Amino acid sequence: MTSRASLAAAFAAAMLALCSAFGPEARAQDASSDAPPSAAAPPETTVRPYTSLRQRRARAQRPAALTPTASRPAPVAAATPAPVSPPAPGVTPLPRPDLEAFVDGVVQRAMTRDHIAGVTLSVVQNGQVVLKKGYGFSNLGQRKQVDPDKTLFRVASISKTFTWITLMNEIEAGRMRLDGPVNLYLPEPLQVKDQGKKTQIRLRDLMTHTSGFEDRALGQLFERDPNRVRPLYDYLRQERPRRVREPGLMPTYSNYGAALAGAAVSNVTGKPFEQLVSEEIIIPAGLTRTTFREARPWRDDLPAPMAETLAADLSDAFSWTAMGWKTQPREFMGQVAPAASASSTASDMARYMTLLLNGGTIDGKTIFSPRTAQAFRSPMYRPAPDAAGWNAGFQDVPLPGGRRGFGHQGATLYFHSNLVIVPDLNLGIFVSVNTDSGANLPATLPATIVEHFYAPAQALPTASSLTYEQARLYEGDYLTTRRAYGGLEGFTNRLIGRAQVRATPEGRLSVTDGGVTTLFNGTGRPGVFKAVEGPLTLVFDSNGDRPSRFYAARGFSTFERIGFLHSAALLSWTVTIAGLACVITILGAMFRNRREARQTPVQARAGQMQVMQAVLWLISGGCMAVFAAKATDQTTVFFGWPSGWLLSGSACALVAAALGVLTLGLLPMVWRGGRRVDSWSDGRKVAFTFTALLLAFLSVLLALWGYLLPWS
């Protein structure tokens with residue numbers, strides 16, 4: 001985000017109204033207004049303009065983006081979208097009093113049940129704001145209430161929808177190609193390496209989250225210290241993920257991929273991303289209280305921070321503890337700005353939803369073309385005909401009554417948001433919460449509203465079309481593809497990224513993912529299951545007669561069937577038995593009588609090595625237990641990664657595994673022994689061998705899980 005150049009004196013008078021109309025966001029873009037008074041505003045990160053061998057077409061000039069808003073916070077009337085879209089044919093508009101009463105009840109129950117400090121939401125239909133409301137608090141110390149017109153919430157991945165609009169604008173202008181390799185539009189340091197893959201990643205693959213990247217987040221996606229925030233280009237170069245599959249094969253949500261797309265657009269236009277998105281979307285759409293800048297101190301190597309007028313109204317983040325709500329430190333995501341750094345109000349999101357419903361126009365200004373608007377409403381990719389997919393970067397959202405919408409969810413560590421557009425109803429719903437325990441409300445409220453007013457649920461759930469025996473074919477443990485594929489982060493992802501699929505006697509599937517269990521009915525189509533409650537659909541792929549994977553009901557990832565060696569049950573039993581064996585080994589060394597202590601020198605060394613292994617394995621297990629206890633606080637995991645406890649446990653396990661290899665090499669000599677009176681008894685030899693083989697098997701399992709890689 002670069003500073004705006006001073007206007008020439010000849011145009012000062014003519015542009016005075018324009019500058020005042022831009023309001024807080026325009027001042028946020030003016031870096032000099034926030035710069036230290038003793039220094040001129042420094043230039044932002046230099047972006048190499050995109051060049052091509054072919055002749056580039058001249059870029060059409062957009063009309064000046066005038067927004068008729070005052071510099072102070074806009075009143076409710078000014079925040080109401082101006083265009084009045086015609087009602088959808090055959091659709092009864094939402095009655096405001098009934099909607100407000102219904103939403104109040106849903107929100108207040110959720111706030112009580114899930115301990116949510118603050119909620120902001122807006123509902124638009126037919127070009128009008130039907131409901132816009134704030135609940136609870138944005139600052140507990142000041143008892144500051146949530147104001148839907150003023151209070152900014154972090155909308156996280158909803159930021160990506162702005163990125164896709166800027167990308168589609170460049171594609172429409174002919175400067176980028178949807179099926180062009182992304183490397184064509186990136187500076188050389190950011191270009192994606194082939195890493196043994198045959199196919200280059202296209203822009204289309206980034207928009208549909210089928211790039212084939214692994215997904216890493218711990219220790220780098222969120223920052224607590226603003227001094228650790230890196231420029232976008234540095235982050236993309238230093239945090240390059242592995243390519244774990246060819247692009248276009250299956251969906252796996254990627255924050256890195258979206259940030260890479262933003263860097264590509266920035267490179268093509270020659271503008272920092274924050275400046276680009278502000279000039280192309282935020283200012284012309286009149287989103288006066290929306291920004292991709294963050295509330296942090298000034299730094300010369302980063303875009304200008306959020307304007308003070310906006311930062312003063314930025315909601316705090318909260319978590320619920322035994323002592324009540326706890327205010328959490330701010331999360332910084334400027335290093336992945338195109339993927340996650342936007343903040344906005346419910347009022348601005350109402351205008352944004354109206355823009356999306358109006359096909360890219362608002363207040364007589366065209367932000368994106370009708371062709372782009374249609375792309376946002378049409379599936380660009382689905383892994384299977386009935387599965388959830390992606391519409392040019394927007395989520396394909398199944399809704400009650402067989403309707404489909406588009407939109408995007410967003411989540412930081414503490415803020416959870418959801419934006420859903422329902423073209424059939426000319427309806428848009430936005431909701432956001434500022435508490436880590438409140439994820440369920442944004443995830444379910446849009447569908448709840450649609451169901452209550454337009455598609456009442458059936459009194460009795462439908463029966464499954466499958467028998468119990470048929471449903472059992474789908475049983476198993478499945479592992480998400482949205483994970484790190486190596487190192488200790490890969491190990492933790494294998495522990496928490498599992499879904500259990502079990503058949504019920506009624507022929508349904510019980511799917512447990514992230515601690516939440518959902519029931520699905522079989523349909524008349526092979527591998528397709530519908531949720532008993534709600535509009536979600538689960539689709540399985542078969543490899544022969546046995547299902548090998550299923551596509552997540554919200555389109556974020558694929559879950560692949562886990563083999564026996566990677567099953568959690570096998571690891572749990574092995575760890576438990578090995579732990580007991582280690583305790584017995586140590587107790588035997590401490591309390592064994594003198595007669596049983598007779599041994600050859602080789603047996604003595606082997607026994608000492610096994611005791612050392614036992615101690616190291618127990619220390620490793622203790623370190624892992626402490627890490628698991630601390631991991632209940634996700635803040636500790638993200639901001640404290642890599643955990644010293646986990647690193648210590650992994651290092652101890654690695655040394656123990658190395659000693660185990662040496663111990664196995666001594667087994668023939670241990671059994672050969674010496675004279676009968678100077679050698680172990682057969683029983684002790686059997687116990688030693690069993691323990692050695694058990695610990696070796698544990699080492700192999702943990703190596704497969706990625707636990708023996710402390711340097712990663």
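The values are calculated or read from the model by the stated rules, or taken from the named source; none is laboratory data. Predicted model only: the values in this text are computed from it and were never measured. Here the Cβ positions follow ideal geometry from the backbone for every residue, glycine too, while neighbour counts run over all protein chains shown.
Every residue, every condition in (1) small (Gly, Ala, Ser); (2) out of contact with any Phe, Trp or Tyr (no Cβ under 6 Å at 6 or more places or on another chain), yes or no:
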site: 590; (1), (2): no, yes
site: 599; (1), (2): no, no
site: 603; (1), (2): no, no
site: 610; (1), (2): no, yes
site: 614; (1), (2): yes, yes
site: 623; (1), (2): no, no
site: 626; (1), (2): no, no
site: 631; (1), (2): yes, yes
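Residues that are farther than 30 Å from residue 706 by Cα and outside any loop (DSSP other than H, G, I, E, B): does the stretch 480-497 have at least one?
Checking the stretch 480-497: not a single residue is farther than 30 Å from residue 706 by Cα and outside any loop (DSSP other than H, G, I, E, B).
Looking only at the stretch 486-527, filter to residues that are touching a Lys or Arg at 6+ places or on another chain (Cβ under 6 Å) and surrounded by fewer than 22 Cβ atoms within 10 Å (Cβ to Cβ); which one of those is nearest to residue 552 (Cα to Cα)?
Among residues in the stretch 486-527 that are touching a Lys or Arg at 6+ places or on another chain (Cβ under 6 Å) and surrounded by fewer than 22 Cβ atoms within 10 Å (Cβ to Cβ), the one nearest to residue 552 (Cα to Cα) is 497.
For the stretch 315-332, which positions are part of a strand (DSSP E or B) and within 20 Å of residue 115 (Cα to Cα)? Before the answer, list the steps.
Residues of the stretch 315-332 that are part of a strand (DSSP E or B), as a first pass: 317-321, 324-328, 332.
Once the filter is applied, which keeps residues that are part of a strand (DSSP E or B) and within 20 Å of residue 115 (Cα to Cα), the stretch 315-332 yields 317, 318, 319, 320, 321, 324, 325, 326, 327, 328.
Could you grab me the full set of residues in the stretch 165-199 that are touching a strand residue (DSSP E or B) at 6+ places or on another chain (Cβ under 7 Å) and surrounded by 16 or more Cβ atoms within 10 Å (Cβ to Cβ)?
Within the stretch 165-199, 181, 182 meet the criteria.
Among the residues in the stretch 630-645, are any among the basic types (Lys, Arg) and farther than 17 Å from residue 492 by Cβ? Show your work before the answer.
Looking only at the stretch 630-645, we keep the residues that are among the basic types (Lys, Arg), and these are 630.
Cutting the leftovers down to farther than 17 Å from residue 492 by Cβ gives us none.
No, because not a single residue in the stretch 630-645 is among the basic types (Lys, Arg) and farther than 17 Å from residue 492 by Cβ.
Results for (1) touching a helix residue (DSSP H, G or I) at 6+ places or on another chain (Cβ under 7 Å); (2) crowded, with 19+ Cβ neighbours inside 10 Å; (3) of a type in the set (A, V, I, L, M, F, W, C), shown as yes or no for each residue.
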{"residue": "590", "(1), (2), (3)": "no, no, yes"}
{"residue": "606", "(1), (2), (3)": "yes, yes, yes"}
{"residue": "648", "(1), (2), (3)": "yes, no, no"}
{"residue": "668", "(1), (2), (3)": "no, no, no"}
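Whether any residue in the stretch 555-565 is of a type in the set (A, V, I, L, M, F, W, C) and either loosely packed, with under 15 Cβ neighbours inside 10 Å or in contact with a Cys (Cβ under 7 Å, 6 or more places away or on another chain) (or both) is what I want to check.
yes
Looking only at the stretch 110-135, count how many residues are part of a strand (DSSP E or B), in contact (Cβ under 8 Å) with a residue 60 or more places away in the chain and more than 26 Å from the chain's Cα centre (by Cα). Don't jump to the end; show me each part of the working.
Going through the stretch 110-135, the residues part of a strand (DSSP E or B) turn out to be 118-125, 128-135.
When the remaining residues are screened for being in contact (Cβ under 8 Å) with a residue 60 or more places away in the chain, the result is 118-125, 129, 132-134.
Among the residues that remain, those that are also more than 26 Å from the chain's Cα centre (by Cα) are: 124-125, 129, 132-133.
Count: 5.
Within the stretch 619-640, does at least one residue satisfy the condition of being acidic (Asp, Glu) and either at positive phi or assigned to a loop (DSSP other than H, G, I, E, B) (or both)? If you could, list the steps in order and put the result at the bottom.
Let us first name the residues in the stretch 619-640 that are acidic (Asp, Glu), namely 633.
Those left that are additionally either at positive phi or assigned to a loop (DSSP other than H, G, I, E, B) (or both): 633.
Yes, the stretch 619-640 contains a residue that is acidic (Asp, Glu) and either at positive phi or assigned to a loop (DSSP other than H, G, I, E, B) (or both).
Which one is nearest to residue 433 (Cα to Cα), of the residues in the stretch 280-331 that are surrounded by fewer than 18 Cβ atoms within 10 Å (Cβ to Cβ) and aromatic (Phe, Trp, Tyr)?
This residue is 320.
Determine, yes or no, whether residue 351 is in a helix (DSSP H, G or I) and surrounded by 20 or more Cβ atoms within 10 Å (Cβ to Cβ).
Values: in a helix (DSSP H, G or I): yes; surrounded by 20 or more Cβ atoms within 10 Å (Cβ to Cβ): yes.
Against the criterion (in a helix (DSSP H, G or I) and surrounded by 20 or more Cβ atoms within 10 Å (Cβ to Cβ)), residue 351 qualifies.
Here is a check on your reading of the model: is residue 226 crowded, with 19+ Cβ neighbours inside 10 Å and either in the same structural domain as residue 432 (by TED's automatic domain parsing) or of a type in the set (A, V, I, L, M) (or both)?
So residue 226 does not fit the description; no.
All but one of (1) at pLDDT below 95; (2) in a helix (DSSP H, G or I) hold for residue 698; which doesn't?
With (1) at pLDDT below 95; (2) in a helix (DSSP H, G or I) applied to residue 698, the lone miss is (1).
Can you name every residue in the stretch 365-384 that is part of a loop (DSSP other than H, G, I, E, B) and without any contact (Cβ under 8 Å) to a residue 40 or more places away in the chain?
378, 379, 382
Looking at 708, 704, 694 in this structure, which one is surrounded by fewer than 19 Cβ atoms within 10 Å (Cβ to Cβ) and farther than 18 Å from residue 586 by Cβ?
After applying the criteria, what remains is 704.
Any chance the stretch 407-417 includes a residue that's over 28 Å from residue 147 (Cβ atoms), touching a residue at least 24 places away in the same chain (Cβ under 8 Å) and of a type in the set (Val, Ile, Thr)? Spell out how you get there, then give the answer.
Here is the first cut: in the stretch 407-417, the residues over 28 Å from residue 147 (Cβ atoms) are none.
No - not one qualifying residue is present in the stretch 407-417.
Could you check the stretch 432-468 and list, in sequence order, the residues that are over 20 Å from residue 401 (Cβ atoms), at pLDDT 95 or above and of a type in the set (Val, Ile, Thr)?
Selection gives 433, 435.
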